[in-house]
Amino acid sequence: MSIWLTAIILGIVEGLTEFLPVSSTGHLILATELLGYDASKWAVFNIAIQPGAILAIVVLYRKLFWDMFTGFFRRDPVAIAFVRNLLLAFIPAVVLGLAFGDYIEALLENAVVVAWALIIGGIGILLVERFAKPKESGGVANLSTRQSIIVGLVQCIAMIPGVSRSGATIMGAMALGIDRKTAAEFSFFLALPTLTGATVLQLAKHHDAITKNDIGLILVGALVSFIVAWAVIKAFLAVVTRYGFAPFAWYRIIVGVAALAWLAMR
């Protein structure tokens, strides 16, 4: 298979899964294995194309971000609360990411861990959907400091590949009584500092693994992930508002079981 086609496929996988509760990292690892490549050799590429998906959030919510940015300097209470909540939720990922970064990086090569995490995460989503009693929250700015910190702590579980950062944050928020739409948007917005920080850290650590020939591949992968993520995000909120997250849970379980079976037969 052409290496350019591989870059496009992985860009599609990144864009499709980054903001859905199905684990983008897990899918990229499984996709790399399925294509017959060494997952460890493509790990840096998979991280480097994340800015494409991140940019999709910036473009789709550009007006909100601009209002919060300008409002913060005008000392608008809503904007200050919005920024405060994102920072509070982001801090745990910084602390734990720096403390356990090497151990987490080792797990990025383990497809079996991904498969089991997909299954367990799917079961977790079904349980939250069944027992959580979310209420209208009124947006990210209206969340309490306690809710923001807890969601940030739950997000750290997603450092295990296959858990899903968006899934962990959304389910954690819903378990605290936050409605689906606000939980999903909080997960989207929290992705900006979290994924940007992780990407910068990993690229700084492994910059010597990127050659001039890789730059073109990374740009193609990032562009594809941006286009796909932009389309997925627009449809995602409509789907979960109507059907909830159960379809994603069953998808995770099916993919996880199929991946375990495939890995066992290799």
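The values are calculated or read from the model by the stated rules, or taken from the named source; none is laboratory data. Note that the coordinates shown come from a computational prediction; the quantities given were computed from them, not determined experimentally. Don't worry about glycine lacking a Cβ; one is built from the backbone with ideal geometry, like all the others, and counts go over all protein chains shown. To get the accessible areas, we keep the full protein, side chains included, count just its heavy atoms, and leave off ligands, DNA and RNA. Shrake-Rupley method; radii C 1.70, N 1.55, O 1.52, S 1.80 Å.
Descriptive notes on the structure:
- Whole-number Å³ per residue for the convex hull built on Cα positions in the chain: 121
- Charged-residue dipole, Cβ positions (Lys, Arg, Asp, Glu), the chain about Cα centre, Debye nearest 20: 760
- Here the Gaussian network model covers the chain, with springs between Cα atoms less than 10 Å apart; of G177, G26, G36, G36 fluctuates the most.
- Each of N46, I170, G256 was scored by the projection of its Cα onto the charge dipole of the chain, and the greatest displacement toward the positive side belongs to I170; charges sit on the C-beta of Lys, Arg, Asp and Glu.
- Inter-label distance for F131 and L5, nm, one decimal - labels placed 7 Å from Cα along Cα-to-Cβ: 4.7
- Of K63/K234; K133/K181; K181/K234, pairs whose Cα-Cα distance is over 18 Å: none
- Here the relative contact order of the chain, from alpha carbon pairs under 8 Å that lie six or more residues apart, stands at 37 percent.
- q = 0.29 Å⁻¹: log10 I(q)/I(0) that the Debye formula gives for the stretch 171-210, counting C-alpha atoms only: -0.88
- Highest-MSF residue in the chain out of L16, L60, L88 [GNM, Cα springs under 10 Å]: L60
- Global form of the stretch 99-198, assessed from the alpha-carbon gyration tensor, a/c cut-off 1.5: oblate
- Note that the stretch 151-246 presents 42 Å² accessible area per residue, ligands and nucleic acids not counted, probe 1.4 Å.
- Heavy-atom accessible area, probed at 1.4 angstrom with all protein chains present, ranks W66, W4 as W66, W4, highest first.
- Residue among M159, M171, M68 with the largest mean-square fluctuation in a Gaussian network model of the chain, springs linking Cα atoms under 10 Å: M68
- Cα shape, the stretch 166-235, gyration tensor, a/c 1.5 rule: oblate
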